[in-house]
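What follows is a set of notes on a single structure, which appears directly below.
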Amino acid sequence: MSPDAIKVWDLPTRLFHWLLASTFAGAWLTGDSERWMVVHTLLGYTFAGLIAFRLVWGFVGGRHARFSSFVRGPGAVKRYLGSLLTREPEHHVGHNPAGGWAVLALLGLGTVTAVAGYATYNDLGGHWVEELHEGAASAMLALVFIHISAVVLSSLVHRENLVRAMITGFKRRRALH
Ligand code: HEM
């Protein structure tokens, strides 16, 4: 291991991430078929449990998992995005300021998707609840594509494999430009 390596993502955060990605993908693929509805519902409950866990972990988890360490104001987001166009882009060991808001948006949309899905499945509310469930899930899928593009872009800008970091938990302490 390089002496410059620093542990950033704790094990619960990493497990949460890959389980969330898998349950979301599975629920998306099974959502349109009556035959797979039980599987879809089970994946949905697991997804909801994961989101609930992450909301709590955002207050009591490891240093870089806490909301207080990565939720920054609009000024910080603008500065970070502006710095990407310069020769010395800002480097953040945890989530960058733009990524921090993407995390909140993913957790927020995930919550709406899961709650509206529960209501739809249990016939609570009308047709609009089903529309809300499907709309929130589609918005989440769009955000996931943006999220993956941003991870690739950020990995290239900082010459650091962020996907590997989400598997091993380790990142580089210093920036490479
Ligand atoms: C192949 C697909 C995916 C890859 C490669 C990927 C990669 C990553 C990486 C590298 C990070 C850390 C970003 C950073 O360094 O700041 C991250 C964070 C995150 N990703 Fe993904 N992701 C994928 C799919 C998803 C999906 C499908 C979801 C949601 C359904 C998702 C939700 C999140 C969330 C919520 C975080 C924040 C983690 C935390 O702090 O708990 N990701 N992702």
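The values are calculated or read from the model by the stated rules, or taken from the named source; none is laboratory data. The structure presented is a predicted model; accordingly, all values stated were derived computationally and were not measured. Neighbour counts run over all protein chains shown; Cβ positions are idealised from the backbone, glycine included. Each accessible area value is taken on the protein alone, full model and side chains, heavy atoms only, with ligands, DNA and RNA left out. Shrake-Rupley method; radii C 1.70, N 1.55, O 1.52, S 1.80 Å.
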key: Spin-label model distance (nm) - PHE170 vs ILE146, 7 Å beyond Cα toward Cβ   = 3.4
request  = Can you find, among THR168, LEU42, TYR121, the residue farthest towards the positive end of the dipole of region 30-177? Put +1 on the C-beta of Lys and Arg, -1 on that of Asp and Glu.
outcome  = THR168
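For ALA105 and MET37, FRET efficiency with R0 = 30 Å and r from the beta-carbon atoms, rounded to 0.05?
Result of the calculation: an efficiency of 0.60.
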inquiry  = Give me the dipole magnitude in Debye, nearest 20, for the chain about the Cα centre, with unit charges on the beta carbon: positive for Lys and Arg, negative for Asp and Glu.
reply    = 1180
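When the helices in the chain are scored as -39500 (n - 2.57) per DSSP H run of 4 or longer and the sum is shared across all residues, what 222 nm value do you end up with, to the nearest 500 deg cm²/dmol?
Mean residue ellipticity at 222 nm (helix-derived): -23000 deg cm²/dmol.
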request  = With a 1.4 Å probe and every protein chain left in place, work out the accessible area per residue of the chain in Å², rounded to a whole number.
outcome  = 60
Distant alpha-carbon pairs in region 1-157 (separation over 27 angstrom), percent = 32
query = What is the P(r) of region 25-93, as percent of Cα-Cα pairs per 5 Å bin from 0?
reply = 3, 14, 14, 12, 11, 12, 12, 11, 7, 3, 0
task = Give me the distance in nm between label points sitting 7 Å out from Cα along the Cα-to-Cβ direction at SER83 and SER155, one decimal.
result = 2.2
